Amino acid sequence: MEVHVAFLPAEAGDVRRRVAVVVDVLRATTSILTLFEHGCTEVIAAPSVAAARRYAEESAEMRVASRRESGRRGGDDSRDRVRTAGEEGGVAPEGFDFGNSPAAFARADVAGRRIVMATTNGTRALHAVRGAAAVFAGCLRNRMAAARAAADAALRGGFDLAVVCAGREGRFSLDDAYAAGGIVDSVAAYLAGRVAYASTDAVLAARSLYHTWPDPLEVFRQTAGGRNVVAIGLEEDLRYCAVQDASDVVPRVGAGLTLLA
């Protein structure tokens, strides 16, 4: 098995023989994790804000048509409505129900809801590796659980494993690289004594980053993505995203996490 870190989705290579863990620690994959932790039934990752908005509108039209055909009247079926979430420039697009704040999702009433989400980097990265043997959403909060799930999937199928950083608007993102280093560090610990594997130089670099800074919050406050989150008044998200190994939930494409075509 080969273990690899792609610092940008374009560096993931041919993912058809790889299990992929997508990381957008600030904040999309942390948000997706939080939604599932709090009872969301489906997260639909859209490739763009326009696609998410269109999907929500079409779903609403279908819901109305279905009610008319069945002759149903009255009652509150708001739980059936697809909610919109995401960000442009870090903040919620006009008309969206939610932004992309995992700390806010932890307080929101999302149980039993379906949410279509579009973000600048994270949901696009999920789409970039959609051809992988399996695709998981990883972050620091589910670091060890994501490592185990991805490693098990790779071992079962005889695949390689890649942790894929979403990056920041097509550029290297230190916060994603740091989180990727934490995940592959856990992969290495999990595979030790189980199976022989090879690590790429990118894995060595990511693990070195991770071990250089013991405090994730210190890292996030220095990165461009972290500074932007603070600038829009959501520093609580940095603290939330910096917590490690708080969850055993691992969102997986095809198991509640859906990629919108």
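The values are calculated or read from the model by the stated rules, or taken from the named source; none is laboratory data. Owing to the predicted nature of the structure, the values given are computational and were not obtained by experimental measurement. FYI the Cβ positions are ideal-geometry reconstructions off the backbone, even for glycines, and counts take in every protein chain you see.
Can you confirm whether Gly86 is surrounded by 18 or more Cβ atoms within 10 Å (Cβ to Cβ), touching a residue at least 40 places away in the same chain (Cβ under 8 Å) and either among the basic types (Lys, Arg) or in contact with a Phe, Trp or Tyr (Cβ under 8 Å, 6 or more places away or on another chain) (or both)? Quick ask: steps written out before the conclusion?
On the way: surrounded by 18 or more Cβ atoms within 10 Å (Cβ to Cβ): yes; touching a residue at least 40 places away in the same chain (Cβ under 8 Å): yes; either among the basic types (Lys, Arg) or in contact with a Phe, Trp or Tyr (Cβ under 8 Å, 6 or more places away or on another chain) (or both): yes.
Taking the combined requirement at face value, the residue satisfies it.
Here Ala196 clears all of (1) at pLDDT 95 or above; (2) of a type in the set (A, V, I, L, M, F, W, C); (3) farther than 18 Å from Gly254 by Cα except the condition numbered (1).
Scanning the stretch 201-227 for residues that are closer than 17 Å to Glu11 by Cα and surrounded by 16 or more Cβ atoms within 10 Å (Cβ to Cβ) gives Ala202, Val203, Ala206.
Taken together, the residues in the stretch 20-32 that are over 15 Å from Arg107 (Cβ atoms) and in a helix (DSSP H, G or I) amount to 3. Each residue in the stretch 89-118 was checked for being out of contact with any Lys or Arg (no Cβ under 8 Å at 6 or more places or on another chain) and among the polar types (S, T, N, Q), and 0 pass. Taking each residue of the stretch 154-173 that is farther than 13 Å from Val129 by Cβ and looking for partners that are of a type in the set (Phe, Trp, Tyr) and not in a strand (DSSP E or B) with beta-carbon atoms closer than 6 Å, six or more apart or interchain, yields Phe172/Phe7.
Among the residues of the stretch 12-22, those identified as touching a strand residue (DSSP E or B) at 6+ places or on another chain (Cβ under 8 Å) and farther than 15 Å from Gly122 by Cβ are Gly13, Val15, Arg17, Arg18, Val19.
Screening Gly193, Gly182 for residues that are outside any helix (DSSP H, G or I) and more than 22 Å from His127 (Cα to Cα) leaves exactly one candidate, Gly193.
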